[in-house]
Amino acid sequence: MYRKVSVNVTAEESKPKLLPTKIYKCKDAECKAWVREEFAETNPACPICKGPMHRSMRHLPALQKKIKREPAKKSLF
């Protein structure tokens, strides 16, 4: 009655492609905070410990840009 369907997905197909990304990370070794450069201020302070941050690189998946839709216009009728 029911068929078993198997899907052959390799490990590479299921993992997102990682790209080298510029980040800011906290200088404090005990603090694990980091922020992508495109979301950081010009001279960012750590959002957790408020300490200084420095530039670094990290391999991260690419961000998908979401398209904002305009709200539907209400009709007068």
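Values quoted throughout were computed directly from the atomic coordinates according to the rules given, and no laboratory measurement underlies them. Everything quoted here is computed from the prediction, not taken from an experiment. Here the Cβ is made from the backbone with ideal geometry for all residues, glycine too, and neighbour counts use every protein chain on show.
Annotation for region 23-77: GluC sites (Glu not before Pro) lying in DSSP loop with at most 16 further Cβ atoms inside 10 Å of their Cβ are Glu30, Glu41.
When region 29-77 is described by a simple charge dipole with +1 on each Lys and Arg Cβ and -1 on each Asp and Glu Cβ, the residue from Met57, Pro71, Ala40 located farthest towards its positive end is Pro71. Close amide H contacts of Thr21 (hydrogens built in the peptide plane, cut-off under 5 Å, sequence separation of 5 or more or a different chain): Arg58, His59, Leu60.
Residue-wise HN-Hα couplings along region 62-67, as the Karplus relation 6.51 cos²θ - 1.76 cosθ + 1.60 with θ = phi - 60° gives them from phi, are 5, 7, 9, 7, 8, 8 Hz; Gly and Pro carry x.
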